[in-house]
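Just so it is clear, none of the values below were taken in a lab; they were calculated from the coordinates. On a predicted model such as this, the values are computed, not experimentally measured, just so you know. All Cβ positions, glycine included, derive from the backbone under ideal geometry; neighbour counts span all protein chains shown.
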Amino acid sequence: MVNFVRDIRDPEHPYSLEQLSVLSEESITVDDKLGRILITFTPTIQHCSMATVIGLCLRVKLKQCFPPHYKVDIKVSPGSHADEESVNKQLNDKERVAAALENPNLRQLVDECLYSSEL
Amino acid sequence: MEGLKEIQKLEGHTDRVWSLAWNPLSGLDGAPLKLASCSGDKTVRIWEHKPSNSWECQAVLDDPHTRTVRSCAWSPSGKLLATASFDGTTAIFQDVGDDYECVSTLEGHENEVKSVSWNASGSLLATCGRDKTVWIWEVLPGNEFECVAVLQGHTQDVKMVQWHPTMELLFSCSYDNTVKIWADDGEDDNWVCVQTLAQSNSGHSSTVWALSFNATGDKMVTCSDDLTLKIWGTDNGKMLSSDGFAPWSHLCTVAGYHDRTIFSVHWSRDNIIATGAADDAIRFFVENNECDTLVDGPSYNLLLKKEKAHDMDINSVQWSPGENRLLASAADDGTIKIWELTSVSC
């Protein structure tokens, strides 16, 4: 399952999320019966300011790979981020996600992470 | 027993539909029902109930918004439609017979505007957004709008504003988990926060997405990302007998029914609360009159649950004006559905 997202590039490094251990085989669980996906990632540092961008990348990518009715929950792994609760809340507020993806600068950053061939 | 019948599915939007607003004068005195919808496709659509008994798109307003249109609201006269957009502006459209003309654009919010609401007399408009502020605009002759107050108090983005149905009180709910109540303190447009309903007052523990009042305005329901509804009450008699503000208090919490975020709640004239949630279901709740409310306070029962009402998250549910118990729902699947809640005798 992690194949869908393993090659996303980190916003700050020329490596993939899997290479940086942000994602692993256990990061993603899919319940096809209920149509639910839970993805948990581990930011490289406790104060990672890019955690929300990584979350956006994962959400956009999963939306492309799964049927539209699947519900996606994205979290940082427990204890991996100093502002865990607020990061998790922001990652799952779909209004903020929609607004962020309409912001040209953020959208460009997300697209670079998803489609960069510089790995 | 109650049953929910799907009347029609309205298709046309090319992205998620965020919000719905029934024209308040439609459906009355023989006028056809009219509904506005707004979407991530940056447009607003106006739908009308035709004599053939079908619903048709009457107009597509694709100007002037350049990003998602998050919310829309008709003025009490039904002549003006206000639309709030992620492009930072609020547009005012006027019904000019066959079409809708953008007659004003309200600028001021730093970024996304998320909700817009007219007061009961149509003399004031409120907007709110990601910049954590609530703006109050006075409606002047000639479609002029003047900002008379910028209310600061929320610590995170403000999701929705809603005027009280009869009193000059403004309610706002937020990502900061609170509901704030704002009133003019009697001086010249000096709007202040008169009450905050927070977790410490039995309030919500996550984002409050929406609120709605009962017909008499002495009860309010709020819905949240914490998967609960909360019912709040005030002493209407006290509000009317004096100029003082009668505070609101928590009456009960409706928990254990929703699996995912509740985005929308609407209280009908005949006291049925409808909810739309991220679990694709529509639910209806009514007050339980059987138990001893003097001892336990009021409680609410699930009347009906419509699973898979849409293929994706439901963002808005709105009861229609007029005689029939019609409900419109809007969803991430880009569709709107018109439902009728019917009583089926046992």
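Do the conditions hold for residue B:271, that is, is it part of a loop (DSSP other than H, G, I, E, B) and not hydroxyl-bearing (Ser, Thr, Tyr)? Spelling it out, residue B:271 is indeed part of a loop (DSSP other than H, G, I, E, B) and not hydroxyl-bearing (Ser, Thr, Tyr).
If a residue has to be in contact with a Leu (Cβ under 9 Å, 6 or more places away or on another chain) and either within 8 Å of another protein chain (Cβ to nearest Cβ) or without any contact (Cβ under 8 Å) to a residue 24 or more places away in the chain (or both) to count, how many in the range A:100-113 make the cut? Working first, answer last.
Of the residues in the range A:100-113, the ones in contact with a Leu (Cβ under 9 Å, 6 or more places away or on another chain) are A:100-101, A:106-107, A:109-110, A:113.
Filter once more, keeping what is either within 8 Å of another protein chain (Cβ to nearest Cβ) or without any contact (Cβ under 8 Å) to a residue 24 or more places away in the chain (or both): A:107.
Count: 1.
Of the conditions (1) free of Cβ contacts under 8 Å to residues at least 60 places away in the same chain; (2) crowded, with 23+ Cβ neighbours inside 10 Å; (3) within 30 Å of residue B:25 (Cβ to Cβ), residue B:287 clears all except one; give me its number. Condition not satisfied by residue B:287: (2).
Every listed requirement among (1) free of Cβ contacts under 8 Å to residues at least 12 places away in the same chain; (2) crowded, with 16+ Cβ neighbours inside 10 Å; (3) under 23 Å from residue B:281 (Cα atoms) is met by residue A:84 save one, (3).
Would a scan of the range B:58-78 turn up a residue that is of a type in the set (Phe, Trp, Tyr), touching a residue at least 24 places away in the same chain (Cβ under 8 Å) and within 19 Å of residue B:9 (Cβ to Cβ)? No, because not a single residue in the range B:58-78 is of a type in the set (Phe, Trp, Tyr), touching a residue at least 24 places away in the same chain (Cβ under 8 Å) and within 19 Å of residue B:9 (Cβ to Cβ).
Please tell me if residue B:74 is of a type in the set (Phe, Trp, Tyr) and within 30 Å of residue B:123 (Cβ to Cβ). Against the criterion (of a type in the set (Phe, Trp, Tyr) and within 30 Å of residue B:123 (Cβ to Cβ)), residue B:74 qualifies.
Looking only at strands (runs of 3 or more DSSP E) that fall completely inside the range B:1-41, which ones have 1 or more residues that are without any contact (Cβ under 8 Å) to a residue 12 or more places away in the chain, among the basic types (Lys, Arg) and out of contact with any helix residue (DSSP H, G or I) (no Cβ under 9 Å at 6 or more places or on another chain)? Steps first, please.
Working: elements: B:2-10, B:17-22, B:34-39.
Strands (runs of 3 or more DSSP E) meeting the threshold: none at all.
For the range B:295-324, the set of residues classified as away from every other protein chain (no Cβ under 14 Å), crowded, with 20+ Cβ neighbours inside 10 Å and among the charged types (D, E, K, R) consists of B:306 only. One residue stands out in the range B:59-81 among those that are in a loop (DSSP other than H, G, I, E, B) and more than 21 Å from the chain's Cα centre (by Cα): the one that is nearest to the other protein chains (Cβ to nearest Cβ), namely B:66.
Name the helices (runs of 4 or more DSSP H) wholly within the range A:36-119 that hold at least 3 residues that are over 13 Å from the mean Cα position of the chain (by Cα), among the charged types (D, E, K, R) and under 23 Å from residue B:87 (Cα atoms)? Reasoning before the result, please.
Numbers: elements: A:51-65, A:84-91, A:94-102, A:104-115.
Hits in the range A:36-119: A:94-102.
Only a single item in (1) touching a Phe, Trp or Tyr at 6+ places or on another chain (Cβ under 7 Å); (2) under 22 Å from residue B:280 (Cβ atoms) is not met by residue A:61, and it is number (2). In the set (1) small (Gly, Ala, Ser); (2) more than 15 Å from residue B:159 (Cβ to Cβ); (3) within 14 Å of another protein chain (Cβ to nearest Cβ), the condition left unmet by residue B:84 is number (2).
Give the residue, chosen from B:37, B:85, B:104, that is in contact with a strand residue (DSSP E or B) (Cβ under 6 Å, 6 or more places away or on another chain), of a type in the set (Gly, Ala, Ser) and within 18 Å of residue A:102 (Cα to Cα). Walk me through it before giving the result.
Values: B:37 fails: within 18 Å of residue A:102 (Cα to Cα); B:104 fails: within 18 Å of residue A:102 (Cα to Cα).
Going through B:37, B:85, B:104 in turn, just one is in contact with a strand residue (DSSP E or B) (Cβ under 6 Å, 6 or more places away or on another chain), of a type in the set (Gly, Ala, Ser) and within 18 Å of residue A:102 (Cα to Cα): B:85.
Listed by first and then second residue, the pairs linking a residue in the range A:40-54 that is of a type in the set (Phe, Trp, Tyr) to a residue that is surrounded by fewer than 20 Cβ atoms within 10 Å (Cβ to Cβ), with Cβ atoms under 7 Å apart and 6 or more places separating them unless they lie on different chains, are A:41/A:77.
Does the range A:22-35 contain at least one residue that is more than 14 Å from chain B (Cβ to nearest Cβ), surrounded by 16 or more Cβ atoms within 10 Å (Cβ to Cβ) and either of a type in the set (Asp, Glu) or part of a helix (DSSP H, G or I) (or both)? For the range A:22-35, residues more than 14 Å from chain B (Cβ to nearest Cβ), surrounded by 16 or more Cβ atoms within 10 Å (Cβ to Cβ) and either of a type in the set (Asp, Glu) or part of a helix (DSSP H, G or I) (or both): present.
Residue by residue, here is whether (1) part of a loop (DSSP other than H, G, I, E, B); (2) of a type in the set (Val, Ile, Thr); (3) more than 14 Å from chain A (Cβ to nearest Cβ); (4) buried (at least 21 other Cβ atoms within 10 Å of the Cβ) holds:
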site: B:189; (1), (2), (3), (4): yes, no, yes, no
site: B:192; (1), (2), (3), (4): no, yes, yes, no
site: B:205; (1), (2), (3), (4): yes, no, no, no
site: B:210; (1), (2), (3), (4): no, no, no, yes
site: B:217; (1), (2), (3), (4): yes, no, yes, no
site: B:220; (1), (2), (3), (4): no, no, yes, yes
site: B:231; (1), (2), (3), (4): no, yes, yes, yes
site: B:244; (1), (2), (3), (4): yes, no, yes, no
site: B:264; (1), (2), (3), (4): no, no, no, yes
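For the range B:132-147, does any single residue satisfy the condition of being away from every other protein chain (no Cβ under 14 Å), within 22 Å of residue B:21 (Cβ to Cβ), buried (at least 19 other Cβ atoms within 10 Å of the Cβ) and not hydrophobic (A, V, I, L, M, F, W, C)? There is no residue in the range B:132-147 that is away from every other protein chain (no Cβ under 14 Å), within 22 Å of residue B:21 (Cβ to Cβ), buried (at least 19 other Cβ atoms within 10 Å of the Cβ) and not hydrophobic (A, V, I, L, M, F, W, C).
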